[in-house]
Amino acid sequence: MPSSDCYPIDVAPGLSRLFLDFCAGDPRVRPFYPSVPRETGWQKRCLVPDHWNEVVELLATQNTSAATAQALQALRAGAGTILTGQQVGLLGGPLFTPFKAATALARARQATAAGHPHVAIFWLATEDHDFAEINHVTFPSRKELKKLVYAKTPANPVPVGGVVLDETIEPLMEQAWELLGASDAMDVLVAAYKPGRTFGQAFAEFYAKAFAAQGLLVLDAAGSEVHRLGAPVLRAAIERADELHAALLERNKALEAAGYHAQVAVAPQSSLLFLIDERSGARIALKRTGPNAAEPNGLWQAGREKFTRADLVGILSAEPERISPAALLRPVFQDFLLGTSLIVGGPAEIAYFAQSAVLYERILGPARTTAAEPRLSATLIEPAIGELLRKHELGLERVFSETADSLAQLLAARAMPVEGKRKLAAAGSALDAELEPLLEYMKAMDAGLGRSADTAASKMRYQMNRLRRLAANFELQREGSLRRHAEAIERALNPGGVLQERVHGAAYYFARYGFDLGETLTGLAGDPCPGHKAVWF
């Protein structure tokens with residue numbers, strides 16, 4: 001195991017207050033979640049749905065390797081399920097994807113060790129239709145980040161999992177070879193991402209291999225059989241649409257009253273469902289028009305086409321795969337299918353679970369709301385970058401607070417000769433020492449004079465800071481390596497001010513460290529750090 005440091009979760013930029021309070025177990029989030037992280041009551045919640053045998057057989061048809069036999073047998077014997085999932089991104093998607101899988105596996109191990117057998121399942125979000133979110137991957141290169149894009153965009157917003165790769169994937173694989181080099185991970189990518197395969201198939205094959213040793217199961221739920229089994233949830237979203245919409249609006253008001261925001265907007269005509277257009281294959285959001293004198297049950301609309309409630313119920317009965325849950329309904333759909341004990345999600349997912357809870361209560365019952373926990377949050381620090389951090393005495397929290405330019409300025413200021421540092425420090429201290437009593441004196445004489453003095457003093461301090469920047473810029477020019485160091489650190493750990501886990505492609509790290517990385521990440525996800533990890537390779 002590499003060494004790791006544990007930082008508070010709020011060291012990571014851009015996280016919502018709701019997510020931060022959830023991670024901290026703040027009492028204010030209790031009304032919106034059945035439990036908070038590090039509570040273990042969910043381990044005893046092994047619900048076995050009536051259709052369980054059918055679900056297990058579906059899983060068995062999609063997980064045929066010997067590595068999954070033990071997990072499937074555990075499910076047949078009544079083991080509980082821990083669920084996570086992600087969109088099926090190009091070449092394995094971003095780094096946080098295996099972080100999710102590793103966290104689900106770690107929680108399954110912990111529950112099993114406590115005497116409550118559980119299995120981890122990775123839900124492939126093949127029904128999502130935002131192709132621009134999954135058609136690219138970014139890999140670190142020597143002096144830049146290389147973004148690979150599969151440019152053959154579908155003509156319509158179809159479910160991305162079924163998009164078939166054509167021959168344009170081949171030059172992308174050549175580029176991936178150049179960036180990642182020969183490795184077991186690269187061999188699996190080449191076998192998975194080739195013409196004729198779908199995005200969903202390729203993604204599933206890669207992660208089945210990446211976490212084969214841990215027994216991760218994958219599930220593509222886009223088919224008619226899964227939708228047939230989950231039809232009661234979808235039917236409830238059709239027949240009780242207005243009730244559920246009103247409940248979500250009330251929950252959003254409660255979140256806002258508590259000082260939080262609603263992760264998913266609930267518009268006046270929005271619904272919890274999508275419909276696959278039978279002609280174009282496009283996945284279109286179903287909109288809802290409430291009851292009126294002409295239509296006492298209200299109407300539904302997908303694009304320009306209108307439907308009655310009976311129309312949609314008929315489609316659900318005859319072609320269930322054409323109706324799919326939107327983000328807020330998806331966890332309820334998943335839980336009904338799998339009897340999930342725990343859902344592992346990222347910051348946005350954890351936030352919208354606070355909204356989904358009211359759907360659980362109304363569709364599945366008050367006792368059926370599934371517990372949620374955040375996935376592993378980590379920054380992987382490779383040896384060369386680790387040396388630079390130690391050389392310049394930088395911690396992760398400082399790196400996250402700087403841009404490449406400001407970090408270069410910081411390194412230059414630290415590299416300045418001792419005499420120059422002393423003179424600048426002495427000048428700054430002397431300026432402050434003289435200014436403070438003078439400002440107090442002038443404010444005592446007259447309030448307006450004091451305000452003018454504050455303005456003049458801020459200008460003097462600005463010029464003092466300008467002297468510091470001038471000295472740092474001179475040092476940067478003299479020591480060109482400092483800027484290169486700053487750019488390398490920013491590119492590796494906080495590219496463009498965004499967490500590494502959201503930008504770098506996961507396959508880069510599997511290529512560098514082998515599929516043993518799956519076990520390393522599972523171990524990291526299993527330790528008690530409640531925040532963000534710095535992982536030193």
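The values are calculated or read from the model by the stated rules, or taken from the named source; none is laboratory data. Every value quoted in this text rests on a predicted model; they were computed, and no experiment measured them. Cβ sites come from the backbone with ideal geometry, for glycine too, and all protein chains shown count toward neighbours. Remember, those area values only see protein heavy atoms, side chains included, never the ligands or the DNA or RNA. Shrake-Rupley method; radii C 1.70, N 1.55, O 1.52, S 1.80 Å.
Before moving on, here are some points about what is shown:
- Expected 222 nm ellipticity per residue - DSSP helices of 4 or more, -39500 (n - 2.57), all of the chain, to 500: -15500 deg cm²/dmol
- Contact order normalised by residue count of segment 124-268, Cα under 8 Å, 6+ apart, percent: 20 percent
- For Val158, the solvent-accessible surface with a 1.4 Å probe is about 30 Å², rounded to the nearest 10.
- Cross-link reach is defined here as a Cα-Cα straight distance under 20 Å, omitting same-chain residues fewer than 8 places apart; for Lys443 the aspartates and glutamates meeting it are Asp432, Glu434, Asp454.
- Shape descriptor for segment 229-270: Rg over Rh equals 1.08 (Cα atoms; Rh from the Kirkwood inverse mean 1/r).
- Inter-site label distance for Arg469 and Gln175 at 7 Å from Cα along Cβ, in nm: 3.6 nm
- Bridge orientation summary for the chain: considering DSSP beta bridges with both residues in this region, about 50 percent are antiparallel.
- For segment 324-365, convex hull of alpha carbons as volume per residue, Å³: 70 Å³
- In segment 197-239, the ratio of gyration radius to Kirkwood radius, Rg to Rh, stands at 1.16 when only Cα atoms are counted.
- Efficiency of FRET between Arg390 and Tyr441 - r from beta-carbon atoms, R0 41 angstrom, step 0.05: 0.30
- Put simply, when 122-131, 167-176, 514-523 are sorted by average Cβ atoms within 10 angstrom per residue, most first, you get 122-131, 514-523, 167-176.
- Rolling a 1.4 angstrom probe over the chain with all protein chains present gives an accessible area of which 53% lies on carbon and sulfur atoms.
- Exposure rank, largest accessible area first [Met464, Met445, Met1; 1.4 Å]: Met1, Met445, Met464
- For segment 363-430, size of Cβ-based charge dipole, Lys and Arg +1, Asp and Glu -1, in debye: 180 debye
- Calculated on alpha-carbon atoms, Rg and Dmax of segment 368-475 in Å: 21.6, 69
- Computed over the chain, Kirkwood Rh from alpha-carbon pairs, angstrom: 25.9 Å
- Shape of segment 202-348, Cα gyration tensor, a/c cut at 1.5: oblate
- Dipole size of the chain about its Cα centre, with +1 on Lys/Arg Cβ and -1 on Asp/Glu Cβ: approximately 900 debye, rounded to the nearest 20.
- Segment Arg304..Ala151, full-extension length gain: 52.2 nm, with 0.36 nm per residue of separation and the alpha-carbon distance subtracted.
- Relative intensity, log₁₀ I(q)/I(0), of segment 162-262 from a Debye sum that treats every alpha carbon as a point, q = 0.10 Å⁻¹: -0.56
- Signed unit charges on C-beta, dipole axis of segment 330-467, positive-most listed residue Ala457, Pro374, Met442: Ala457
- Surface accessible to a 1.4 Å probe, Asp311 within the full protein complex, Å²: 70 Å²
- Cα centroid separation, segment 483-501 to segment 320-347: 35 Å.
- Accessible area (Å², 1.4 Å probe, nearest 10) - Phe274: 40 Å²
- Listed residue (Ala318, Gln87, Leu388) projecting farthest to the positive dipole end of the chain, Cβ model: Leu388
- Cβ-defined net charge surrounding Glu54, 13 Å radius [Lys, Arg +1; Asp, Glu -1]: -1
- Out-of-range pairs (alpha-carbon distance over 27 Å; input Lys152/Lys306; Lys421/Lys533; Lys44/Lys100; Lys143/Lys533): Lys152/Lys306; Lys421/Lys533
- Positive end of the dipole of the chain (Cβ unit charges, origin at the Cα centre): among Ile276, Ala507, Tyr260, the Cα lying farthest that way belongs to Tyr260.
- Electrostatic bookkeeping for Tyr509 treats Lys and Arg as +1 and Asp and Glu as -1; over the other residues with beta carbon under 12 Å from its beta carbon, the sum is -2.
- Cα-based shape type of segment 53-116, given that a ≥ b ≥ c are square roots of the gyration tensor eigenvalues and the cut on a/c is 1.5: oblate
- On a per residue basis, the chain carries 44 Å² of accessible surface, using protein heavy atoms and a 1.4 Å probe.
- Reciprocal of mean inverse Cα separation for segment 32-163 (Kirkwood radius, Å): 17.3 Å
- Segment 209-225 and segment 513-537 have Cα centres separated by 21 Å.
- Considered as an equivalent ellipsoid built on the Cα gyration tensor, segment 407-537 has semi-axes of 46, 21, 13 Å, the largest given first.
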